[in-house]
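Let me begin by presenting the structure, written as structure tokens, before commenting on it.
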Amino acid sequence: MRKEFLFILKNFVRMAILMFLVSIVAFFLVSVSPIDPLKVNVGQTALGSMSQEQIEKLSQYWGTSISPVRRYLSWAGDFIRGDMGVSLLYRQPVSRVIGVKLSNSLLMLGISWLISGIVGFSLGILAGANRGKRLDKGISAYALITASTPAFWLALVFLMLFGVWLKILPIGLSVPIGTEAAEVTIRDRILHGILPVLTLSITGISSMILHTREKMLEVMESDYVLFAKARGETGTQIVLGHGIRNILLPALTLQFASISEIIGGSVLVEQVFSYPGIGQAAVTAGLGGDVPLLLGIAVISAAIVFTGNFTANILYGIVDPRIRKARNNI
Amino acid sequence: MLEERKKILSIKNLSVSFSQYEGAFRWKNLLAIKDLSLDVKEGEMVAVVGSSGSGKSLLAHSVLGILPYNATRNGEISFYGETLTEKRMRELRGKEIVLVPQSVSYLDPLMKTGLQIRKGKKDESSRQKSLEVLKCYGLERDTENLYPFELSGGMIRRILISTAVMEQPRLVIADEPTPGLHIDIARRVLSHFREIADEGAGVLLIIHDLELAVEVADRIVVLYAGTNLEEARASDFLEENRLRHPYTRALYRAMPDNGFSAEPGTQPYAENRPDGCTYAPRCEYVQEKCLKEVEYRNFQGGMVRCIMAGGEIR
């Protein structure tokens, strides 16, 4: 019992350190960025027609007149007390902004993550088990092509194809334009989610395919598969009995590590589809100099990615008897 | 005497070649096994000895039809007089012809051993059978719940043998079952194969330890650079002059009890195997005629591939 407690405590400390470092780096990058929040948000002309006093007030609001170190310390002090500050652009508490944006994104990201994981894993196994055959060549070619396709470009192509030419899917946003929030149906939400999910899944699938295929080839060339063959096991029996058992572990690790890629990819994809999610909020905050929001998003994303990797770590112990038994014996 | 025992396995003029790239564009054919013949009868244990690289494991894999995809097999292999085609091999392997592989790497690292012994079958009768087999080889019931990484070297060999006797095999091919084992444990492992042979199945024992082979087998086939140089009765190894080939005699002299003397030179790799007798470059009796193909012939109750046997070699 004490061992488990220590294990969790250790990882909790790690996560805290990671969040601290991420916030410092993010803050440093924002403070050296050439973007002047006043010029961006108020506008050059408006700024020119304002009195010195007004500008002073604005500068106070955006914090441009305070030294970076003091700004960071005051943010960090509040953050530790659980206050993430107020978003300067949305004029709402950062926690609420992140909550709303994240709930918009989470379903979309989650579904793309599951699709790319499951489809990629299955196709990778198929390719690896049929090495050199047409099926393998087809799947590998697909994986290589999509792996070298930028997500934002693919998003644009889908947008043109389904939104503009075929007009069967909406061109952006997460709900229909000009509809009251109460009238938005689940069907609307799904329709608006299809293209972002498709884009994120397709790019996510490729790395899963390539990794799974590689591991599968390794397994197929192993001595134990040769022995299974010598014992009269058929190809299907070998793939189901030994293949999946032995590649599930690396695949799980990859899948949880890919959470970071999905979150990173969402920034571009949400931008293209004007999808009001966490990725788009990050872009808005970055370009608009909304430091509290940006730091909030950076820290929360870091926590999500960390949790993903941490989960993979725990699953490892559950799936792999070698690690499970080693842990129990320590 | 006994009536003539039935031939289980008969291999005639087997050759195995690999095609591989040489440089970027040229294909090369590498002859790994060349003109190899042997047979195994019911209740008999035939040991195939030779140093590493002589083609022992390939021989086992050819009989089971599990050669790598770039390998080509020629020559004839038959099982109870019936030619073993790829299709027939697929039907027989794991049932009538079983392999006992050489190391723990042939077990799935993430599968409990009990389940592996019964090929992943979960029904109660298979489980009972596998528990019986474990008991038979002096392994605890609990062994079935262990993973391969939890087993000792000796336990692994016994688990690997257990996989063979789950069925009623007619031919057991044991691929190097002893390396890395203490001599007592190695003897015990080999005695299990002897039991299998005594119960009527044929055992093809692939081994590089000549001493152990002589102790346990009925006949010894000596492999060198992918071909067989001699086939002798195990009892022939009691005296040097009962042996037929200079290489076998050199092996005899290299045994710890017989002088422990190593012959100079090394076995050639398949790509620079000499024409004619493969042992010619190292042979003290070598003559002009040895550089042409040498026939594998009957000689004094065994077989030999040497033109000098019975002549200058006595």
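Here are some notes:
- Single unsatisfied condition, A:LYS167 versus (1) under 17 Å from A:PRO196 (Cα atoms); (2) in a loop (DSSP other than H, G, I, E, B); (3) touching a helix residue (DSSP H, G or I) at 6+ places or on another chain (Cβ under 7 Å): (3)
- Some residue of the stretch A:235-242 being out of contact with any strand residue (DSSP E or B) (no Cβ under 9 Å at 6 or more places or on another chain), of a type in the set (Ser, Thr, Tyr) and surrounded by fewer than 20 Cβ atoms within 10 Å (Cβ to Cβ): yes
- Under the condition of being closer than 16 Å to B:GLY75 by Cβ and either at pLDDT below 85 or not polar (S, T, N, Q) (or both), the residues counted in the stretch B:8-37 number 13.
- Within the stretch B:270-303, the set of residues being in a helix (DSSP H, G or I), aliphatic (A, V, I, L, M) and in contact with an Asp or Glu (Cβ under 9 Å, 6 or more places away or on another chain) comprises just one member, B:LEU291.
- Any chance B:LEU99 is under 20 Å from B:THR178 (Cα atoms) and either in contact with a strand residue (DSSP E or B) (Cβ under 9 Å, 6 or more places away or on another chain) or assigned by TED's automatic domain parsing to the domain that holds B:ASP175 (or both): yes
- Those residues of the stretch B:76-127 which are in a helix (DSSP H, G or I) and within 10 Å of chain A (Cβ to nearest Cβ), in sequence order: B:MET89, B:ARG90, B:GLU91, B:LEU92, B:VAL104, B:SER105, B:TYR106, B:LEU115, B:GLN116
- For the stretch B:44-67, the condition holds for no residue, the condition being that it is part of a loop (DSSP other than H, G, I, E, B) and more than 30 Å from B:ALA234 (Cα to Cα).
- Qualifying residue in the stretch B:29-36 (condition: over 12 Å from the mean Cα position of the chain (by Cα), among the hydrophobic types (A, V, I, L, M, F, W, C) and within 14 Å of another protein chain (Cβ to nearest Cβ)): no
- Residue count, the stretch B:83-95 (criterion: buried (at least 18 other Cβ atoms within 10 Å of the Cβ) and either more than 14 Å from B:LEU160 (Cα to Cα) or in contact with a Cys (Cβ under 6 Å, 6 or more places away or on another chain) (or both)): 4
- Among the residues examined, B:SER152 does not qualify as outside the structural domain of B:SER78 (by TED's automatic domain parsing) and buried (at least 24 other Cβ atoms within 10 Å of the Cβ).
- Exactly one residue out of B:TYR106, B:TYR147, B:TYR80, B:TYR137 is modelled with pLDDT of 90 or more, buried (at least 17 other Cβ atoms within 10 Å of the Cβ), more than 18 Å from the chain's Cα centre (by Cα) and of a type in the set (Ser, Thr, Tyr), and it is B:TYR147.
- Helices (runs of 4 or more DSSP H) within the stretch A:196-313 that include 2 or more residues closer than 28 Å to B:HIS61 by Cβ and either within 14 Å of another protein chain (Cβ to nearest Cβ) or among the acidic types (Asp, Glu) (or both): A:223-230, A:235-238, A:244-257
- Yes/no for A:SER174 being modelled with pLDDT of 90 or more and either away from chain B (no Cβ under 14 Å) or closer than 30 Å to B:GLY94 by Cα (or both): no
- Only residues that are more than 14 Å from A:LEU154 (Cβ to Cβ) and either surrounded by 24 or more Cβ atoms within 10 Å (Cβ to Cβ) or aromatic (Phe, Trp, Tyr) (or both) were counted across the stretch A:258-269, and they come to 1.
- Members of the stretch A:19-58 that are outside any helix (DSSP H, G or I) and without any contact (Cβ under 8 Å) to a residue 24 or more places away in the chain: A:PRO34, A:GLY43, A:SER49, A:MET50, A:SER51
- Yes/no for B:CYS277 being touching a Leu at 6+ places or on another chain (Cβ under 8 Å) and modelled with pLDDT of 85 or more: yes
The values are calculated or read from the model by the stated rules, or taken from the named source; none is laboratory data. Everything numeric in this text was worked out from a predicted model, so none of it was measured. Counting neighbours? That spans all protein chains shown, and the Cβs are built from the backbone with ideal geometry, glycine included.
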